[in-house]
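The values are calculated or read from the model by the stated rules, or taken from the named source; none is laboratory data. Everything numeric in this text was worked out from a predicted model, so none of it was measured. Cβ atoms come from the backbone with ideal geometry, glycine included; neighbour counts cover every protein chain shown.
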Amino acid sequence: MTTVMHVLPYLVAAYVFLTGCYGLATSRNLIHAVGCLAVCQSSTYVLLLAVGYRDGATAPVFSDIKPGSRPVVDPVVQALTLTDIVVGATVTALLLALVLQIAKRHGTVDPDELRELRG
Amino acid sequence: MNGWILAATVELGGGGAAALWGVTTGGPARRVVAQNMTTSALCPALLLFSQGYGRPAYVDLALLLALLGPVGTLVFARLLSDDLAAERPSAWALTWTAAAVGAVVVAAVCAATGPGRAMAKLLVIGALLISGNVIASRALSGGFRGVRGG
Amino acid sequence: MKRLRLALLALGGAGLAALLVAACLDLPGFGGRSHPYGTRAVHASLTRRAANTIASVNFDQRAYDTLGEMSILFAAVLGCVVLLRQARDEHRAQPQPAEVARPVRRYALIVLPVALVTGLYVIAHGQLSPGGGFQGGVVAATALHLLYLGADYRALERIRPLAVYETSDALAVSSYLVLGLAGVLAGTAFLANTLLPYGTFNTLSSGGTVPLLNAAIGIEVASAVVVLLANFLDQAVEIEEEHGS
Amino acid sequence: MHHLLPLLVAIPLLGAALLVAVGRHLPRIAAEITGFVVSGGTAALALVLLLNSSPPMVEWVGGWLPVGGESVGIVVVGDGPSLGMAALVSLLTLAALAYSWRYFDEPPRGHPGAFTALMLLFQGAMCGFAIAGDLFNAFVFFELMSVTAYALTGYRIDDPKAVQGALTFGVVNSLGAYAMLMGIGLLYARTGELAMAKIGRGLDAAAGHGGADALVLASFVLVLTGLLVKAAAVPFHFWLPDAHAVAPTPVCMLLSGVMVELGVYGVWRVYGTVFAGPGGIPAADLTRALVTLGALTAATGAVMCWYQRHIKRLLAYSTVAHTGLFLVGIGVLTPQGDDGVALYILGHAGVKAALFACAGVLLDRYGCLDEHTLHGRAREMRATAVMFAVGGLGLAGLPPFGTGLGKAVTEEAVGGPLTVVYVAASAITAGAVLRVTARVFRGLGPRPEEADADLETSGSEEEPETTGPLRRIPDTMRMVPAVLLTAALAVGAVPGFGDLVARSVNEAGSGGAQASAQWTVHGALLGLASTALAVALAGLAVTRPHWTAAPDWSRPLRRLQSGHVGDYVAWLLMGATVLGVLALPAVLGG
Amino acid sequence: MDDAVIVVALLLMAGSATAAVVQRDPARQALVLSVLGSVLAVLFTVLQAPDVGLSQLAVGSALTPLLIMLSVRKVRRRGRPEDGGAK
């Protein structure tokens, strides 16, 4: 159990990243593809937070506990993940805006039918 | 380790798996109902975690989920109203069961917290959770019948 | 072509998967005790009397990252405004009023102020308890859209003077930058948290400039999300293409 | 002085924010002047800092100076290469803003300053990435740069190609950025640090005598994937022609002139600071990976460039080819190679931006970018013709252009058979540009026959970027390419400039070893040879079109550029695997 | 015991992520993505990152689904007048 537990979170992150890539590559709908990109990104959250986790520790927020009374997890990765989530949300929004324009100009959101740029 | 976390794990595992099953299979109606049930499954789990970890500060998560979960369901109810019009999903038995679970969990956590500001917050969360859940179910079963262009 | 893609995907995915799995086995075990940067960050946060270490990292120790994060949001919203502008061959159609079941409408109108207050609470307590400008800002902005969900789009448009939100978005970004530049002018460093007293631990005014930067982010995010959703709503509800074009 | 380093980011961002805040009430010209002043001010600041960058500066943002060697803050680095890139970014932004002066497409209603504000954000992001000394901070500015670039690429929403190219760009680059972030996460797990120099030391300490392990290899592959996607190395390059061919011309100037090169710069910076130690990736493995990918990139870019008829796409592929040359140059890991690439990037930025500017003139005058349709139509545009031809010669590395000097120094550094790659890639891309000049501006040779319509993007139906087709070309649109070409010439022609660049590059990296970067007879002869080859190729293409028509073996290569975002994602995964295989001996050997 | 919670949350997250990729219809995917958002928030809570959990809740439970659904609606609405009107 413990050896599995030592790598499981990381493996889940890697799995989710690759799954998202698979969905992205085989997607038949650009809105779906943007959703898959969001799935890819959620793997980075899991990886970062798993890296900063510490057994039996709690959040380094001292509004309701005394500093030093309990071990705490790594706050830096949490700050990084926060930034990452903002990035993810904004990129999703921007890409969806582009998809909307593609739908208008090409009349389709199926990547297989977009045949303008090639060669 | 304590019973709170055990209860939360059971709630998370059972409710989460059921919600995931519901949201990935069946017709549109069943899926939105399952999406709505996610809130009622996960929000009590968050309350139990807060109690289990001994961190009242974590209650804010449950508060936000109780607030925003139904809003998310309203989004689907409104923007999928055409798809749902045919089926008029109603799952009142499920809705009231989920509401009862929420009420029990809130009551249990309240009892453990004791009276005070923290308890008031918990009661607000409970009220939001149950009313949000019920209203979202109502919205799904024909709450947006007349929505066309707007 | 499709077969080639699947072959590449299988090969590339397998290679990357092998690499990642091998790397995972070399990682320090999950839940380990060694976090040198994290330990330093907690210590630094306590010396600046910020109760929420994450807020201290975000708005003090690594405030420069948050500047970049805020600019990403600002740039993306500006980008969406530009990308979702009304094109030459489009016009606006007046949205029709919607019929909403009465309990749903009542719920939306009651929860709206509750959600707004919650958003403000989450922003204000950012440097003490979990939360902060980003989280609270999104909640506050989402709250406004209950008007669309519970009533109709015209009701939302009445309380949403878009120009005001765009301006406050930009002004919040500017004030974050100006707070940073104040450090340079005072001769210390960009975004240095040395201008204000650090206050008492675990109170709303503790942490020096942390609450100010936090508030700037809160305003920025709330306005930015409103503008962002407004552009998508306009597209989905109002803007129509000319027929026959 | 070092306190001023973050201002390179803060000033353009503040300018952009203020433009948006008051933009509603501002006439368009005021918005453009503001953009000009802010961008120019940043450029001046970058130049002043650059002149004071010896010895290199370091600034801890927020005043979190290290205590006992440990800090919790973010470090920014002000050395020759970083400030040089920041100065190049700022000057090129200034040139692009000048080029778009008043004539560029109608701004969105109610947002007269939106385009200028996005350009300023782009400038700030690129400056921030250039001076980043902290790996996560580099990621943040990398993302800011990408997000702004997506929006700018899709700026002309009426153009179906523009929005498609922008989406492809967005998806592929975002995925690359997430890969990079995973790499950063792995490095943080191993070392618990985020400042690049600290990570490097942490890797060395963790490795002991063992050398690299799978974790180091994986993080190396993931971080480099992100950077190489930006640098458009084969097989991560597919997004580049799709995006660069459709972006508005002033944006193309920045994308091709400096953003792609920032990817190369990132590879150089990250390898040199993080992975160069005994705990990282051994030099031989990096050289193998970068030289292989670089040579492939140069070859693919050159071949694809030759067979284009869409002029902007042609220029975009020439950027791909040149990025390959840059990667080979930094891949050999010699001080001289670094100096050569630095000079090459400076010269290339000027030449390529000028060529895009001339292509933009064609687009706005004729509403068309197709070499075949435009055949002989642009005879009247003498000045543009001369500049296009001079740009082509600059691309070939004709002495004394900066590109020529950079190419000569790099060729000397890489030596041996790789010299052939340099001569061939630069000659073929330049030959394609000269061919366009001869056909479009002079009407030489027979009109080419139509073929393979399903294999190519023709560019015959493009919308001008101005409110309507221009009757008269405004002076700014002609002055900017002229100035850029002069600058590219000056990089190679001003005596002592090469040595100056070499000194400031070597002071920052290369382990302090000094090399000189001067014209040699050998280098000049190679430059002349490339030029002669380019002219000969162009002449052959114009007079005997069927000799140089696309042969059958090039069809599969052209078919790979399918415009399908799923294909590009699959190639990205494949590229990461290839990179891992190329660097695998680092782990097996240890 | 703590580990068991984390394992359950991780597996749920992996399951939702897979489901989100496998659902090819964007509207159905949006439903799964909103579940994924909530599950991620719970996972962050058990990884002791309440700040991140709050962010994820704010973004994932209402904002992202709203953006996706509005896009879906726009794309569908575009399709309709052409089918009905043009022919």
(message) Give all pairs with beta carbons closer than 9 Å in which a residue from region A:68-97 that is at positive phi meets a residue that is not in a loop (DSSP other than H, G, I, E, B); count only pairs at least 6 apart in sequence or on separate chains.
(response) A:68/C:46
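Please go through region D:521-544 and give me each residue that is assigned to a helix (DSSP H, G or I) and exposed (fewer than 14 other Cβ atoms within 10 Å of the Cβ), ordered by number.
Of region D:521-544, the ones assigned to a helix (DSSP H, G or I) are D:521-543.
Passing the criteria: D:521, D:522, D:525, D:532, D:536, D:543.
Quick check: anything in region B:1-20 part of a helix (DSSP H, G or I) and closer than 12 Å to residue B:137 by Cα? Steps first, please.
The initial filter retains those residues of region B:1-20 that are part of a helix (DSSP H, G or I), namely B:3-20.
Then drop every residue that is not closer than 12 Å to residue B:137 by Cα, which leaves none.
No, because not a single residue in region B:1-20 is part of a helix (DSSP H, G or I) and closer than 12 Å to residue B:137 by Cα.
Every residue in region D:391-436 that is assigned to a loop (DSSP other than H, G, I, E, B), within 20 Å of the chain's Cα centre (by Cα) and under 16 Å from residue D:298 (Cα atoms), please. Please lay out each step first, then the result.
Going residue by residue through region D:391-436, those that are assigned to a loop (DSSP other than H, G, I, E, B) are D:397-401, D:415-417.
Retained after the next criterion (residues that are within 20 Å of the chain's Cα centre (by Cα)): D:397, D:401.
The one that is assigned to a loop (DSSP other than H, G, I, E, B), within 20 Å of the chain's Cα centre (by Cα) and under 16 Å from residue D:298 (Cα atoms): D:397.
Among the listed residues D:289, D:247, which satisfies the condition of being surrounded by 24 or more Cβ atoms within 10 Å (Cβ to Cβ), more than 18 Å from residue D:217 (Cα to Cα) and either in contact with a Ser or Thr (Cβ under 6 Å, 6 or more places away or on another chain) or not assigned by TED's automatic domain parsing to the domain that holds residue D:190 (or both)?
Working: D:289 fails: more than 18 Å from residue D:217 (Cα to Cα).
Sole residue among the options that is surrounded by 24 or more Cβ atoms within 10 Å (Cβ to Cβ), more than 18 Å from residue D:217 (Cα to Cα) and either in contact with a Ser or Thr (Cβ under 6 Å, 6 or more places away or on another chain) or not assigned by TED's automatic domain parsing to the domain that holds residue D:190 (or both): D:247.
Is it the case that region D:292-301 has a residue that's assigned to a loop (DSSP other than H, G, I, E, B), in contact with a Leu (Cβ under 9 Å, 6 or more places away or on another chain) and buried (at least 24 other Cβ atoms within 10 Å of the Cβ)? Write out each step before concluding.
Step one: list which residues in region D:292-301 are assigned to a loop (DSSP other than H, G, I, E, B), which gives none.
No: region D:292-301 contains no residue that is assigned to a loop (DSSP other than H, G, I, E, B), in contact with a Leu (Cβ under 9 Å, 6 or more places away or on another chain) and buried (at least 24 other Cβ atoms within 10 Å of the Cβ).
This table checks each residue for (1) in contact (Cβ under 8 Å) with a residue 12 or more places away in the chain; (2) of a type in the set (S, T, N, Q); (3) within 14 Å of chain C (Cβ to nearest Cβ).
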{"residue": "D:11", "(1), (2), (3)": "yes, no, yes"}
{"residue": "D:15", "(1), (2), (3)": "yes, no, yes"}
{"residue": "D:25", "(1), (2), (3)": "no, no, yes"}
{"residue": "D:29", "(1), (2), (3)": "yes, no, no"}
{"residue": "D:32", "(1), (2), (3)": "yes, no, no"}
{"residue": "D:44", "(1), (2), (3)": "no, no, no"}
{"residue": "D:53", "(1), (2), (3)": "yes, yes, no"}
(request) Report, by residue number, each residue of region B:35-80 that is in contact with a Cys (Cβ under 6 Å, 6 or more places away or on another chain) and either within 9 Å of chain E (Cβ to nearest Cβ) or within 30 Å of residue C:237 (Cβ to Cβ) (or both). (result) B:65, B:66
(message) Give all pairs with beta carbons closer than 7 Å in which a residue from region C:174-198 that is free of Cβ contacts under 8 Å to residues at least 40 places away in the same chain meets a residue that is among the basic types (Lys, Arg) and surrounded by fewer than 17 Cβ atoms within 10 Å (Cβ to Cβ); count only pairs at least 6 apart in sequence or on separate chains.
(response) none
(request) Just one of (1) touching a Cys at 6+ places or on another chain (Cβ under 6 Å); (2) under 19 Å from residue D:182 (Cα atoms) trips up residue A:97, so point out which. (result) (2)
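So which of C:75, C:93, C:87 ends up being touching a strand residue (DSSP E or B) at 6+ places or on another chain (Cβ under 6 Å) and either of a type in the set (Lys, Arg) or under 25 Å from residue A:99 (Cα atoms) (or both)?
Details: C:75 fails: touching a strand residue (DSSP E or B) at 6+ places or on another chain (Cβ under 6 Å); C:87 fails: touching a strand residue (DSSP E or B) at 6+ places or on another chain (Cβ under 6 Å).
Checking each option against the conditions leaves just C:93.
Checking the condition part of a helix (DSSP H, G or I), of a type outside the set (Phe, Trp, Tyr) and within 14 Å of chain C (Cβ to nearest Cβ), which residue from D:274, D:260, D:229 passes? First the steps, then the outcome.
On the way: D:274 fails: within 14 Å of chain C (Cβ to nearest Cβ); D:260 fails: within 14 Å of chain C (Cβ to nearest Cβ).
Result: D:229 is the single residue among D:274, D:260, D:229 that is part of a helix (DSSP H, G or I), of a type outside the set (Phe, Trp, Tyr) and within 14 Å of chain C (Cβ to nearest Cβ).
In the set D:65, D:49, D:45, which member is surrounded by fewer than 24 Cβ atoms within 10 Å (Cβ to Cβ), modelled with pLDDT of 90 or more and within 20 Å of residue D:194 (Cα to Cα)? Lay out the reasoning, then the answer.
Details: D:49 fails: within 20 Å of residue D:194 (Cα to Cα); D:45 fails: within 20 Å of residue D:194 (Cα to Cα).
Going through D:65, D:49, D:45 in turn, the sole match is D:65.
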(request) All but one of (1) within 30 Å of residue D:358 (Cβ to Cβ); (2) of a type outside the set (A, V, I, L, M); (3) at pLDDT 90 or above hold for residue D:59, so report the exception by its number. (result) (1)
(request) Identify all residues within region D:545-574 that are touching a residue at least 40 places away in the same chain (Cβ under 8 Å), more than 9 Å from every other protein chain (Cβ to nearest Cβ) and either buried (at least 22 other Cβ atoms within 10 Å of the Cβ) or not in a helix (DSSP H, G or I) (or both); write none if there are none. (result) D:548, D:549, D:550
(request) Scan region D:305-318 and give yes if some residue there is away from chain A (no Cβ under 14 Å), out of contact with any helix residue (DSSP H, G or I) (no Cβ under 7 Å at 6 or more places or on another chain) and either not in a loop (DSSP other than H, G, I, E, B) or not aromatic (Phe, Trp, Tyr) (or both), otherwise no. (result) no
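Are there any helices (runs of 4 or more DSSP H) wholly within region C:112-186 with 2 or more residues that are aromatic (Phe, Trp, Tyr) and within 12 Å of chain D (Cβ to nearest Cβ), and if so which? Give the derivation first.
Details: elements: C:133-144, C:146-150, C:153-158, C:162-185.
In region C:112-186, C:162-185 are the helices (runs of 4 or more DSSP H) which contain 2 or more residues that are aromatic (Phe, Trp, Tyr) and within 12 Å of chain D (Cβ to nearest Cβ).
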(request) Considering every residue within region D:474-487, establish whether at least one is of a type in the set (Asp, Glu) and either touching a helix residue (DSSP H, G or I) at 6+ places or on another chain (Cβ under 6 Å) or crowded, with 22+ Cβ neighbours inside 10 Å (or both). (result) no
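Quick check on this structure: which one of A:43, A:27 is of a type in the set (Ser, Thr, Tyr), in contact with a Phe, Trp or Tyr (Cβ under 7 Å, 6 or more places away or on another chain) and buried (at least 24 other Cβ atoms within 10 Å of the Cβ)? First the steps, then the outcome.
Numbers: A:27 fails: in contact with a Phe, Trp or Tyr (Cβ under 7 Å, 6 or more places away or on another chain).
Going through A:43, A:27 in turn, just one is of a type in the set (Ser, Thr, Tyr), in contact with a Phe, Trp or Tyr (Cβ under 7 Å, 6 or more places away or on another chain) and buried (at least 24 other Cβ atoms within 10 Å of the Cβ): A:43.
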